[in-house]
1. For the range 104-127, state whether one or more residues are within 16 Å of residue 47 (Cβ to Cβ) and in contact with a helix residue (DSSP H, G or I) (Cβ under 6 Å, 6 or more places away or on another chain).
2. List the number of the failed condition for residue 91; all other conditions in (1) under 15 Å from residue 65 (Cα atoms); (2) touching a residue at least 60 places away in the same chain (Cβ under 8 Å); (3) of a type in the set (Gly, Ala, Ser) hold.
3. Please specify each residue of the range 81-111 satisfying the condition of being open to solvent by 40 Å² or more (accessible area, probe 1.4 Å), touching a Leu at 6+ places or on another chain (Cβ under 7 Å) and farther than 13 Å from residue 127 by Cα.
4. Taking the conditions exactly as written (in contact (Cβ under 8 Å) with a residue 40 or more places away in the chain, assigned to a strand (DSSP E or B), out of contact with any helix residue (DSSP H, G or I) (no Cβ under 8 Å at 6 or more places or on another chain) and open to solvent by less than 50 Å² (accessible area, probe 1.4 Å)), does residue 145 satisfy them or not?
5. Would you mind finding the one in 93, 108, 143 that is over 14 Å from the mean Cα position of the chain (by Cα) and not polar (S, T, N, Q)?
6. For the range 104-119, check the following and say yes or no: at least one residue is at pLDDT below 95 and in a loop (DSSP other than H, G, I, E, B).
7. Quick test of your reading of the structure: residue 123 fulfils all but one of (1) over 16 Å from residue 67 (Cβ atoms); (2) touching a residue at least 24 places away in the same chain (Cβ under 8 Å). Name the failing condition by number.
8. Only residues that are closer than 17 Å to residue 51 by Cβ, under 15 Å from the mean Cα position of the chain (by Cα) and either open to solvent by 20 Å² or more (accessible area, probe 1.4 Å) or of a type in the set (Ser, Thr, Tyr) (or both): list them for the range 112-129, please.
Amino acid sequence: MRNRVLACGLALSAAAAVAACGSSSSSTAAGSPSGTAPASASPAAATTISAKSVPGVGTVLVNAQGQTLYMLTSEKGGKITCTQANGCTQAWPETVLTNGAATAKAGPGVQSSLLGTVKDAGGKLEVTYNHWPLYTFSGDSGPGVAKGQGLTSFGGTWYVLNGSGNPVTSS
């Protein structure tokens with residue numbers, strides 16, 4: 001029963017993510033003849049990873065918007081198994097470097113020595129922490145939420161990471 005509820009939840013999350021992606025890309029295309037934003041509109045701002053307290057999971061990694069970041073157990077050592085091709089990134093958007101950036105920035109509670117990158121199937125540089133590629137979860141309603149914690153899908157289990165780079169496997 002839990003797996004069935006989880007599957008339904010993921011399907012709804014993926015549908016919401018697709019709808020959100022569709023509406024944002026059409027406004028970008030309308031604003032620029034080439035379909036991409038002009039370079040002057042988005043300077044190469046650093047992708048910042050910080051550690052903040054999230055109810056239910058403790059002090060864990062978050063992105064600059066405060067969204068909880070997750071790792072997938074099947075991706076040990078930076079091996080990417082969550083891809084656009086298998087539909088995973090619809091529910092679990094990857095954390096990629098902004099255009100022109102070579103590294104992510106370590107915010108409070110994060111060790112810069114544990115930050116890194118790995119190329120995804122499309123050639124984008126995905127941010128890693130302690131060799132784990134980082135993702136957000138489309139089912140999280142905003143900052144300070146960790147509804148993806150402990151979910152099993154796409155060949156592994158999703159966990160948040162603490163500032164030491166270790167998966168938090170309890171909730």
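1. Yes, some residue in the range 104-127 is within 16 Å of residue 47 (Cβ to Cβ) and in contact with a helix residue (DSSP H, G or I) (Cβ under 6 Å, 6 or more places away or on another chain).
2. Here residue 91 clears every test but (1).
3. none
4. When the stated conditions are applied, residue 145 does not pass them.
5. Just a single option satisfies the conditions, and that option is 108.
6. No, that holds for no residue.
7. So the condition that residue 123 fails would be (2).
8. From the range 112-129, those closer than 17 Å to residue 51 by Cβ are 112-116, 127-129; that's our starting set.
Pick out the ones that are also under 15 Å from the mean Cα position of the chain (by Cα) and you get 115-116, 127-129.
115, 116, 128, 129, listed by residue number.
The values are calculated or read from the model by the stated rules, or taken from the named source; none is laboratory data. Keep in mind the model is a prediction, meaning the values are calculated, not measured. A quick note on method: Cβ atoms are made from the backbone with ideal geometry, for glycine too, and the neighbour counts reach across all protein chains shown. For accessibility, only protein heavy atoms count, side chains too; no ligands or nucleic acids. Shrake-Rupley method; radii C 1.70, N 1.55, O 1.52, S 1.80 Å.
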